[in-house]
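Take a look at the structure below.
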Amino acid sequence: MANLSTGESEFAVSSDTPSAPAKTLLTAEDAAYSKGLKKRHIQMIAVGGAIGTGLFLGAGSRLNTAGPFLVVLYAIAGIFAFIVVRALGELVVYRPTSGSFVSYAREFMGEKGAYVSGWMYFLVWATGGIADITAVAIYTQYWSIFEDVPQWIVALLAMLFVLAINLSAVKYFGETEYWAAMIKVAAIVAFLAIGSFFLVKRDIEAGALTGPQLIADNGGMLPHGLVAAIIVLPGVVFAYAALEMVSIAAGETEEPRKIVPKATNAVVWRIGVFYVGSIALLALLMPWSAYSANESPFVTFMNSVGIPGAGGIMNFVVLAAALSSVNSGLYATGRILRSMAVAGSAPGFTGVMNKRQVPAGAVALTVSCYLIGIVLNYLAPSDAFNIILNFTALGILATWAFVILAHLGYLRGVKSGSVQRASFRLPFAPYSNYVTLVFLLCVYGLLWFDGVPGKATVLAVIPLGLLLWGGWYLVRGKVARTAAEYAPANNSTESQ
């Protein structure tokens, strides 16, 4: 483990049993939480947690850019998303905690690894939440009653709604996400049924045929070429954000070791049916050029088939999905920030729990970032969503990488005999870990080719890295004191 006084590698993976400070901190970070989430909550969070803005809104612009090849990209990203969530699932079965991958980074990579992974995850939902409340504001424009309502006002109302839920007892969050997931799953199933009917029927409008011939008649799988298609891969990765939610929620439920493996395995068919299946059906039902960034592709299709009110119903569903996504993100960052606050690497107020056993200080910090989104929706309503999308993707890439690295550290502990491996395991590890890290690095490189916003995102790692480096030197003293406070006398100088 990295030692503050010797300056050893910040990301050195330890094969030793966690030190006494780590063990004590690992216990402390889960203190004060209730066990208010039930089995059905966890199951539906797993099934519907990642069905949100990235699929319902982002798929429209990506279909327009990448063409039908988007199906392949979703399948490729889905494979690696499953590897990440399965690795995290194994870690949860090994030791359930609300600190999730940050807690595992602390145990197997040291406190510096936990610090970086935690703040990068905060970046995911500080920016992703802005994307989601922006999406809510965009969706409401579908109805004429909202035409004269400024976009920033709708975004503000959305923010206040999810804030109220997250400051309530966790069981209310669980119920909200349960029913939101039910709505999303029901909508996707309905779309698959209706879309399959028209696919078999072979025509949507007079002369508008569906099926493989539709793709062939509109430029094939790659209408803009392979490079143009591959460039959208970072955005596809964004669509899989929130897969880690079930591991975070595990710390507030009974019997997580029984529930999490089943919930994790559900990711396989969710990716296959909901993501890949939906995109494939969209590509087979309408030309890629019919979809746009300004409207959910599901709404575009429903409006085209002439079913009365279908477009409005689907628009309500995608609006609910966006609210669910930002709600989940606020929940997750609250738990992650509290885990960091306990160790001293986040502001002390983010560890404060309210009387409902919710980390209210951490929730407040994330919401304060959402206010930036309100300003963006006021100043640049047409560009607010795309401005922050790439930065969200950057945070997701970092989060996935830390999950894989923490899992590698855990495997080294298993090999050394200091850790007993869980029965629920990541297939083909550690080779699947290494391949996933290469994939994530390639996706990061692809951001460079996504115009000015993409280049800005790639270059943003420089100031971001400097901020993290400077931040660590500000908090390392507090981290060392916290470790010493929890440690026995003979370990008081040791730090992760």
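The values are calculated or read from the model by the stated rules, or taken from the named source; none is laboratory data. These numbers come from a predicted model, not from an experiment. Note that each Cβ is placed from the backbone with ideal geometry, even for glycine, and that neighbours are counted across all protein chains shown.
Screening residue 115 with (1) among the hydroxyl-bearing types (Ser, Thr, Tyr); (2) at pLDDT 90 or above; (3) under 17 Å from residue 245 (Cα atoms) gives one miss only, at (3).
Would you confirm, using the coordinates I've provided, whether residue 477 is within 26 Å of residue 397 (Cβ to Cβ) and part of a helix (DSSP H, G or I)? The answer is no for residue 477. Which of the residues belonging to the stretch 392-436 are small (Gly, Ala, Ser) and assigned to a helix (DSSP H, G or I)? Residues satisfying the conditions are 393, 395, 398, 401, 406, 409, 413, 416, 432. Taking the criterion of being surrounded by 15 or more Cβ atoms within 10 Å (Cβ to Cβ), among the hydrophobic types (A, V, I, L, M, F, W, C), farther than 27 Å from residue 135 by Cβ and in contact (Cβ under 8 Å) with a residue 60 or more places away in the chain, would at least one residue in the stretch 451-474 satisfy it? Checked against the condition, which is being surrounded by 15 or more Cβ atoms within 10 Å (Cβ to Cβ), among the hydrophobic types (A, V, I, L, M, F, W, C), farther than 27 Å from residue 135 by Cβ and in contact (Cβ under 8 Å) with a residue 60 or more places away in the chain, the stretch 451-474 yields at least one hit.
Contact annotation: residue pairs with Cβ atoms under 8 Å, 6 or more positions apart or on different chains, pairing a residue in the stretch 138-166 that is under 16 Å from residue 311 (Cα atoms) with a partner that is aromatic (Phe, Trp, Tyr), are 138/385; 140/146. Counting only helices (runs of 4 or more DSSP H) that fall entirely inside the stretch 212-263 and contain at least 2 residues that are under 25 Å from residue 396 (Cα atoms), out of contact with any Asp or Glu (no Cβ under 9 Å at 6 or more places or on another chain) and hydrophobic (A, V, I, L, M, F, W, C), the qualifying elements are 226-230, 233-239, 245-249.
Residue 129 meets all of the listed conditions (1) surrounded by 24 or more Cβ atoms within 10 Å (Cβ to Cβ); (2) modelled with pLDDT of 90 or more but one, namely (2).
Among the criteria (1) buried (at least 17 other Cβ atoms within 10 Å of the Cβ); (2) at pLDDT below 95; (3) out of contact with any Pro (no Cβ under 7 Å at 6 or more places or on another chain); (4) not acidic (Asp, Glu), the one residue 447 does not fulfil is (3). Residue 63: modelled with pLDDT of 80 or more and surrounded by fewer than 24 Cβ atoms within 10 Å (Cβ to Cβ), yes or no? So residue 63 fails the test. Screening the stretch 58-154 for helices (runs of 4 or more DSSP H) wholly inside it with 2 or more residues that are more than 18 Å from residue 398 (Cα to Cα) returns the ranges 58-66, 70-94, 111-140. Just one of (1) at pLDDT 85 or above; (2) surrounded by fewer than 20 Cβ atoms within 10 Å (Cβ to Cβ); (3) within 30 Å of residue 91 (Cβ to Cβ) fails for residue 265. It is (1).
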